[in-house]
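Enquirer: I'd like to ask you about the structure that follows.
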Amino acid sequence: MRKIIAISLMLVVLSAAAAFAFNPDELNKITIQNTTGTKIEMIFLSPGDSDYWGPDIIGADYVLKDGGSIGYYLHYPEKSFKFDIMATDDNGNKFEQRDIVVTDGKELTLKITKKNLNATAPDFTLATVHFENATGHELQYLFVSPNDSKAWGVDLLDESTTLADGDTHSIVIPIGKNKTKYNLMAVDENNDEYSFNLTLDPAKASKDFTWSIEASDLSTGK
């Protein structure tokens, strides 16, 4: 089934989702290696049960050089879960793999190679979204997952990045044609969760947007 790339830059808070304290032991690690011979400009790592690719996980201001690697944490609801990956390089190529199985207790190393080259990269219309940390705490994890998935998916801050109070993390997201619902969850150094649901409406899109994660988004667990 073909994934749909959709976004809006009018984000509407539907409700603050109640949640229990976050447990980092539920995370699994994936390391992505670039062996394509080119610079990777965007990587989409999407839960296999979703129809949407979602955000570019390497961020608006970063590329993955040939021979480089980067690690991420994944959050999913079962002992094993499938993910799909699509990467695009600076030559306009697309590299894609489907049904990558991630299993609890087994860290995964995934190589993006020339063998994964299967097409020209989609003609994206891109928007840059800035997430500002206004919680009063350092954020350790940031998840933005399509509403149609059971998984939170990939932590957008990667394995070594945190987001200090007052700082901003920027991501690139392709703009699609249809309204799409996403769920956001951020986790601070105390394992407290901040979460809400977003309606993404392409009719309201602009190419640059700032969204604030605030103390009032703290999940109560009730």
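The values are calculated or read from the model by the stated rules, or taken from the named source; none is laboratory data. Owing to the predicted nature of the structure, the values given are computational and were not obtained by experimental measurement. Counting neighbours? That spans all protein chains shown, and the Cβs are built from the backbone with ideal geometry, glycine included.
Enquirer: Being under 22 Å from GLU26 (Cβ atoms) and acidic (Asp, Glu) narrows it down to one residue among GLU96, GLU159; which is it? Show your work before the answer.
Expert: Details: GLU96 fails: under 22 Å from GLU26 (Cβ atoms).
So the residue among GLU96, GLU159 that is under 22 Å from GLU26 (Cβ atoms) and acidic (Asp, Glu) is GLU159.
Enquirer: If you scan segment 89-103, which residues turn out to be more than 27 Å from THR162 (Cβ to Cβ) and either in a strand (DSSP E or B) or among the hydrophobic types (A, V, I, L, M, F, W, C) (or both)?
Expert: Here is the first cut: in segment 89-103, the ones more than 27 Å from THR162 (Cβ to Cβ) are 89-99, 101.
Answer for segment 89-103, where residues must be more than 27 Å from THR162 (Cβ to Cβ) and either in a strand (DSSP E or B) or among the hydrophobic types (A, V, I, L, M, F, W, C) (or both): ASP89, ASN93, LYS94, PHE95, GLU96, GLN97, ARG98, ASP99, VAL101.
Enquirer: Out of all the residues in segment 104-132, which are surrounded by fewer than 16 Cβ atoms within 10 Å (Cβ to Cβ), polar (S, T, N, Q) and assigned to a strand (DSSP E or B)?
Expert: THR109, THR113, ASN118, THR120, listed by residue number.
Enquirer: Condition first: part of a loop (DSSP other than H, G, I, E, B) and within 24 Å of GLY48 (Cα to Cα). Now tell me which residues in segment 133-172 satisfy that.
Expert: Just the residues of segment 133-172 that are part of a loop (DSSP other than H, G, I, E, B), to begin with: 135-138, 147-152, 155-162, 164-167.
Once the filter is applied, which keeps residues that are part of a loop (DSSP other than H, G, I, E, B) and within 24 Å of GLY48 (Cα to Cα), segment 133-172 yields ASN147, ASP148, SER149, LYS150, ALA151, TRP152, ASP155, LEU156, LEU157, ASP158, GLU159.
One line per residue, one yes/no per condition, for (1) touching a strand residue (DSSP E or B) at 6+ places or on another chain (Cβ under 9 Å); (2) of a type in the set (Gly, Ala, Ser):
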{"position": "GLY59", "(1), (2)": "yes, yes"}
{"position": "LEU64", "(1), (2)": "yes, no"}
{"position": "GLU78", "(1), (2)": "no, no"}
{"position": "GLN97", "(1), (2)": "yes, no"}
{"position": "ALA121", "(1), (2)": "yes, yes"}
{"position": "GLY136", "(1), (2)": "yes, yes"}
{"position": "LEU163", "(1), (2)": "yes, no"}
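Enquirer: Could you count how many residues in segment 51-88 are surrounded by 21 or more Cβ atoms within 10 Å (Cβ to Cβ), closer than 21 Å to ALA121 by Cα, in contact with a Gly (Cβ under 8 Å, 6 or more places away or on another chain) and not aromatic (Phe, Trp, Tyr)?
Expert: Total satisfying the criteria: 1.
Residue-wise test of (1) over 11 Å from the mean Cα position of the chain (by Cα); (2) modelled with pLDDT under 95; (3) part of a loop (DSSP other than H, G, I, E, B); (4) of a type outside the set (Val, Ile, Thr).
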site	(1), (2), (3), (4)
ILE30	yes, no, no, no
ILE43	no, no, no, no
TYR62	yes, yes, yes, yes
ASP66	yes, no, yes, yes
GLU78	yes, yes, yes, yes
